[in-house]
2 protein chains.
Amino acid sequence: MKTNFFYKYKTVGLYGLSLAILLLLLRWLELKFLIYEHSFEIYAGIIALFFTGLGIWLSRKLTRPKTETRIVEKTVYRDPSLPFEVNRKEMDALGISERELEVLQLMSQGMSNQEIGANLFVSLNTVKTHAARIFEKLDVQRRTQAVEKAKKIGLIA
Amino acid sequence: MKTNFFYKYKTVGLYGLSLAILLLLLRWLELKFLIYEHSFEIYAGIIALFFTGLGIWLSRKLTRPKTETRIVEKTVYRDPSLPFEVNRKEMDALGISERELEVLQLMSQGMSNQEIGANLFVSLNTVKTHAARIFEKLDVQRRTQAVEKAKKIGLIA
DNA sequence: ATCAAAATCACCCGAAAGTATGAACGAGAA
DNA sequence: TTCTCGTTCATACTTTCGGGTGATTTTGAT
């Protein structure tokens, strides 16, 4: 169906339409200013259309493999039946202090910095400082990443 | 209303506008340098380049990845003998959509909204909307809590 | 063909998070 | 004792999040 087709590719259709309108506008300009050679705009239009198509084709061709390749990290399983124990070795290796670990634990429970501060009886700024150090030591930028990594290396349950 | 119209067909309008500007620029060049003889090839080249770029842009803008085969392997604290499987029952019960689950997964990897958007080929605002819905459905306030809860009820690994 | 849900995007605003820097203080170690 | 480290706090600034609202488009089901 024509209507169906147009509906489905509405955006594309609109682009085409605008292109057509533009070409008409060109015609009008041409007549208005009495430009000599009429064929140029037609050529330009054809070239434009052709190379737009080419660009689309190129893009599709070149970005094809990008959608499928999605690599992720190695899976590390841990038996849940065993009681959790903090990996002190990793803690030492990364130089993470006791206090920082506490912050990390509360952080992993979804607490805000404010709440963590209230829990540990320290100020918001202190929590921020701890957090910043944690991020630095774990080499991450966000708390979510920190929690992620801390769990992976066995700092928190 | 004019603003409304423009808003509605913003993309098309911008497209047309840029096209018009380009053509006007060409015209200007034409008049300025009076190079009627050997100018055609130059015009053709410019137009070809521009529209190739446009085509690529269009393609990138309009097409989205066909099959988003995303394999998310992460640290699992459950039974290591069993492979992770999304708890569809909970998903349905909470009314969490497929897309929202994707956002949730990327969120759990510590990605920022910006990064998630880049990964899913959508805008930051869209990610925010999804996130807001997720928080609402999971009844949480922060992303860390969302990840926490999603893991608990088996939405993500 | 129509209708509802899902997905998309935008804008505003305030809150929270994160960065950078500096500094005070106590406990141990050199 | 001097020096380092961990802890604490502050100020200022930038970025990101999250809430609220409204809108359009796509899609699937009836």
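No value in this document is a laboratory result; all are computed from the given coordinates. Since this is a predicted model, take the numbers as computed values, not measurements. Because the Cβ atoms are built from the backbone with ideal geometry, glycine has one as well, and the counts that use them run over all protein chains shown.
Confirm whether A:S123 is of a type in the set (G, A, S) and more than 8 Å from DNA strand C (Cβ to nearest atom).
yes
What number of residues within the stretch A:137-153 are more than 10 Å from chain B (Cβ to nearest Cβ) and either of a type in the set (G, A, S) or part of a helix (DSSP H, G or I) (or both)?
Just the residues of the stretch A:137-153 that are more than 10 Å from chain B (Cβ to nearest Cβ), to begin with: A:137-139, A:150.
Add one more test, that the residue is either of a type in the set (G, A, S) or part of a helix (DSSP H, G or I) (or both), and what stays is A:137-138, A:150.
Final tally of qualifying residues: 3.
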